[in-house]
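Undergrad: Sharing a structure here in structure tokens format.
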Amino acid sequence: MSSRNQKSLLDLRSLSQDQVLFLFEKAKSFSQESLAGSRESKRETAALIFFEASTRTRMSFETACARMGLHPLFLDAGGKTSLEKGETQEDTLLNIAALRPAVLVIRSGDGLDQEAMGRTIDVPIVNAGWGLRGHPTQALLDIFTLWKRGRNLEKEKILIIGDIRHSRVAASHFELAKSLNYEIALCGPKHFLPENSQFQVFSKMEEGLRWCTTAMALRVQNERHAEGSGSANKDYHSEFGLTKKRLDDLNKEIIVMHPGPINHGVEMTTEVVHDSRAVILEQVTNGIYIRQAVLQRALGEEF
Ligand code: CP
């Protein structure tokens, strides 16, 4: 056996009593360093826990962690985890919190109560998309994108188009607009609109586009619709899809946003996705900076 292999730990038969006690002493000194907050223990981790699918948010948080020297611990519920042995999401979170990450970033459905977990766990929680409740960092990065371009937010009129009833992104914008004073109006088919809207509603896309300074198309969430079908999407596109013609006919410049992922040919044509008025990939890049700022705040930076 090579000397490197002698360092393997495959069973406990191969450890002498002295070697076990040496490990205990080492572990004790790590626990004391951790309590004392020594330099060694300051290599902090961020637990990124995704009970639902994600591309942008997950990789954006991972990128933010890398830039901040935070080591990401990633849990993907679709992968091989003890969730498939029946462990609850709550127990999963309690166990991950016991690994002492500096922050828990959680994407979940409405079935998990992130607020209640926040009262149980003594680690800051960042909502990375929570059922229909909200997607705070998405709304922040959307508005940061406008702010970074030098737009006056108090003059911004954002037309949120589409599947608003099922959108956590819209829910977070309803909250953010109150503090930043941007105007919101809604546009979409009746069955996609909130039942009691506090905002102006445009049933005709052209009227909404004439009103707005920014058009924010939301993904049609087919997975949440019993009636979701190709033909329904085709009807949706003809009434509420963003096309180059609709944008050109305005005779004014507006900004086009989409949180992604996009259903091409439904919320907008592929031509609009790549149009200079669309800032969709700029939103994605800005997401890193917003998440860095949010993580910094979670780590204790005073605001
Ligand atoms: N916008 C957004 O939340 O995308 P993901 O679901 O890919 O993270």
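Since every read-out is calculated from the coordinates, none of them should be taken as a lab result. The structure displayed is predicted, hence computed values, not measured ones. Positions of Cβ are generated from backbone atoms using ideal geometry, with glycine treated the same way; all protein chains shown enter the neighbour counts.
Undergrad: Taking the dipole about the Cα centre of the chain, with the C-beta of Lys and Arg at +1 and of Asp and Glu at -1, give me whichever of L295, L23, L209 is farthest to the positive side.
TA: The one lying farthest along the dipole's positive direction is L23.
Undergrad: Hey, another quick one. In the chain, which longest range has no trypsin sites (Lys or Arg not before Pro) that are both DSSP loop (not H, G, I, E or B) and surrounded by at most 14 other Cβ atoms within 10 Å?
TA: Details: sites that count: R4, R13, R39, R43, K80, R149, K204, K252.
Answer - 81-148.
Undergrad: Arrange the following residues from fewest to most other Cβ atoms within 10 Å of their Cβ: W130, W211.
TA: Numbers: W130 24, W211 15.
Ascending number of Cβ neighbours within 10 Å: W211, W130.
Undergrad: Further question: Using only helices, what value at 222 nm comes out for the chain when you add -39,500 (n - 2.57) per DSSP H run of length 4 or more and divide by the total residues, to the nearest 500 deg cm²/dmol?
TA: Numbers: 11 runs with 121 residues, N = 303.
Only helices count here, giving -12000 deg cm²/dmol.
Undergrad: Name the residue farthest towards the positive end of the dipole of the chain from the options Q283, I106, V220, assuming +1 on Cβ of Lys and Arg, -1 on Cβ of Asp and Glu, about the Cα centre.
TA: Value computed over the given set: Q283.
Undergrad: Sticking with this one: For L10 and D113 in the same chain, what is the full-extension length gain: residue separation times 0.36 nm, less their Cα-Cα distance, in nm?
TA: Numbers: separation 103, 0.36 × 103 = 37.08 nm, distance 3.93 nm.
Net length gain for the segment: 33.1 nm.
Undergrad: In whole percent, what relative contact order does the stretch 2-159 give with Cα contacts below 8 Å and a gap of six or more residues? The partial results should precede the final answer.
TA: On the way: 152 pairs, mean separation 28.2, N = 158.
Reported relative contact order: 18 percent.
Undergrad: Report the gain in length on full extension from E44 to V20: 0.36 nm times residue separation, minus Cα-Cα distance, nm rounded to one decimal. Present the calculation step by step, with values, prior to reporting the outcome.
TA: On the way: separation 24, 0.36 × 24 = 8.64 nm, distance 2.73 nm.
Length gained between E44 and V20: 5.9 nm.
Undergrad: Ok, one more. Magnitude of the Cβ-charge dipole of the stretch 122-240, K/R +1 and D/E -1, about the Cα centre, nearest 20 debye? Could you put the intermediate results ahead of the total?
TA: Numbers: 15 positive and 14 negative charges, 51 e Å.
Approximately 240 debye in magnitude.
Undergrad: Let me know the shape class of the stretch 1-155, please: from the alpha-carbon gyration tensor, a ≥ b ≥ c as square roots of the eigenvalues, rounded when a/c is under 1.5, otherwise prolate if a/b is greater than b/c, or oblate.
TA: Values: a/c = 2.42, a/b = 1.93, b/c = 1.26.
Prolate, since a/c reaches 1.5 and a/b exceeds b/c.
Undergrad: Can I ask one more? Mind pulling the angle between the C-alpha long axis of helix 230-240 and the longest principal axis of the chain? Nearest 10 degrees, somewhere in 0 to 90.
TA: That helix lies at roughly 60 degrees to the long axis.
Undergrad: What is the spin-label model distance, in nm, from T120 to A293 if the labels are put 7 Å beyond Cα along the C-beta direction?
TA: Placing both labels 7 Å beyond Cα along the Cβ direction yields 3.2 nm.
Undergrad: Over the stretch 149-303, what is the mean sequence separation of C-alpha contacts under 8 Å (at least six apart), divided by residue count, expressed as relative contact order in percent? Present the calculation step by step, with values, prior to reporting the outcome.
TA: On the way: 219 pairs, mean separation 33.3, N = 155.
The normalised contact order for the stretch 149-303 reaches 22 percent.
Undergrad: Taking only C-alpha pairs under 8 Å that are 6+ residues apart, what is the relative contact order of the stretch 64-152 in percent?
TA: Working: 67 pairs, mean separation 17.4, N = 89.
Once divided by the residue count of the stretch 64-152, the mean separation gives 20 percent.
Undergrad: Still on this model: Largest first, please: the extent of the C-alpha atoms of the chain along each principal axis, to the nearest Å.
TA: Its Cα atoms span 81, 41, 39 Å along the three principal axes.
Undergrad: What GluC sites (Glu not before Pro) in the stretch 239-297 are in a loop by DSSP, with at most 14 other Cβ atoms within 10 Å of the Cβ? The partial results should precede the final answer.
TA: Details: sites: E239, E253, E267, E271, E282; in loops: E253, E267.
In loop regions of the stretch 239-297 (DSSP not H, G, I, E or B), the sparsely surrounded GluC sites (Glu not before Pro) are E253.
Undergrad: Any chance you could run the full-extension gain for S238 through R67? It's 0.36 nm times the residue separation minus the Cα-Cα distance, nm to one decimal. Let's see the in-between values first.
TA: Details: separation 171, 0.36 × 171 = 61.56 nm, distance 4.27 nm.
Here the segment from S238 to R67 would lengthen by 57.3 nm.
Undergrad: About its Cα centre, what dipole magnitude does the chain give when the only charges are +1 on Lys and Arg Cβ and -1 on Asp and Glu Cβ, stated in debye to the nearest 20?
TA: Details: 38 positive and 39 negative charges, 141 e Å.
Value, rounded to 20: 680 debye.
Undergrad: Further, regarding this structure: For S31 and L153, what is the calculated FRET efficiency with R₀ set at 51 Å and r taken between the beta-carbons, to the nearest 0.05?
TA: Details: r = 48 Å, r/R0 = 0.94.
Rounded to the nearest 0.05, the efficiency is 0.60.
Undergrad: Shifting gears a bit: Mind listing the phi-derived Karplus ³J(HN,Hα) values for the stretch 48-57, rounded to whole Hz, using 6.51, -1.76 and 1.60 with θ = phi - 60°, and x for any glycine or proline?
TA: Along the stretch 48-57, the couplings run 9, 10, 10, 7, 10, 5, 6, 10, 4, 5 Hz.
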